[in-house]
Amino acid sequence: MEDLKKITILYIDDDEDQSRLMQIKLASKGYHIDCAYSCEEARRKFFSTTYPAILIDYTLPDGDGIQLLKEFAKKNTHEAYIFLTGNSDEKIAIEALSNGASNYLVKEMSGKYFELLPIMIQQAIEKKNLFIKNEQLIALISQEVGHALHDIVNLITDLFQNTHEKNQSAVLLRIIESSKHLLERIKEIK
């Protein structure tokens, strides 16, 4: 798990009092909260700073959080998005989750969501980190498989171009070795 003391999260909400409360509550859990009070300010911060997690409120003065979420998610960056709203509209929740939010949380008046939010943030960041590692592993294995297949094609080509029986045996052994290596890498993917 990452050191929470170093994690800065972008919180997008037009309610300055709510934002200050969020800063206080999450600071006690080791998070630093960078606030944006409009879509325009959120865009400036999003495109100039990397955040592992972004908390987005639905109602904003110059747009709505869903549109902002769609815009950010299209950039295919590796932030974890948690959508927050003051009402429990299921349609908004479904739309947020369908457009890239890791989770959805209602900011109820009792403030109990502050207990859940640090857990959600941690899980969302861990999930995104696993996704990134998975992408990297797939790229590495794909590269290795591609090299192995290239070697096998070259060896088969050599086999058919060389008519000497002695060379054919050596080439066949190299094909078998490359094929075994390729199968091992494929098993690792599973």
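The values are calculated or read from the model by the stated rules, or taken from the named source; none is laboratory data. Nothing here was measured: the structure is a model prediction, and the numbers come from that model. Heads up, the Cβs are rebuilt from the backbone with ideal geometry, glycines too, and the neighbour counts pull from every protein chain shown.
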Practice item. Within the range 97-115, count every residue that is part of a loop (DSSP other than H, G, I, E, B) and surrounded by 14 or more Cβ atoms within 10 Å (Cβ to Cβ). Key: 3
Review point. Can you tell me which residue in the range 52-96 is nearest to A124 (Cα to Cα), limited to those that are in a loop (DSSP other than H, G, I, E, B) and of a type in the set (S, T, Y)?
Key: T77
Point to revise | Selected residue [in a helix (DSSP H, G or I) and farther than 30 Å from S179 by Cα] from I132, I125, I138 | key: I125
Practice item. Would you be able to tell me the number of residues in the range 28-50 that are of a type outside the set (V, I, T) and at pLDDT below 90? Key: 3
Practice item. Filter the range 99-140 for residues that are among the acidic types (D, E) and either closer than 23 Å to N87 by Cα or touching a helix residue (DSSP H, G or I) at 6+ places or on another chain (Cβ under 7 Å) (or both) and give the result. Key: E108, E115
Check your understanding: What about I56, is it in the same structural domain as H181 (by TED's automatic domain parsing) and among the aliphatic types (A, V, I, L, M)?
Key -> no
Revision key, fill the gap. Per the list (1) in contact with a Leu (Cβ under 9 Å, 6 or more places away or on another chain); (2) without any contact (Cβ under 8 Å) to a residue 40 or more places away in the chain; (3) under 22 Å from I132 (Cα atoms), residue check on R43 breaks on (3)
Study note, to complete from the structure: Restricted to the range 15-51 and to residues being part of a helix (DSSP H, G or I) and of a type in the set (G, A, S), the residue nearest to E108 (Cα to Cα) is S19
Exercise for review: Could you look through the range 60-89, keep only residues that are of a type in the set (A, V, I, L, M) and within 23 Å of the chain's Cα centre (by Cα), and pick out the one that is surrounded by the fewest Cβ atoms within 10 Å (Cβ to Cβ)?
Suggested key: A73
Check your understanding: Going by the conditions given, is L116 modelled with pLDDT of 85 or more and either farther than 23 Å from A42 by Cα or basic (K, R) (or both)?
Key -> yes
Review point. Would the range 26-40 turn up any residue that is crowded, with 17+ Cβ neighbours inside 10 Å, more than 19 Å from the chain's Cα centre (by Cα) and closer than 23 Å to S98 by Cα?
Key: yes
Check your understanding: Of these, I92, I141, which one is modelled with pLDDT of 75 or more, β-branched (V, I, T), surrounded by 11 or more Cβ atoms within 10 Å (Cβ to Cβ) and assigned by TED's automatic domain parsing to the domain that holds A27?
Key -> I92
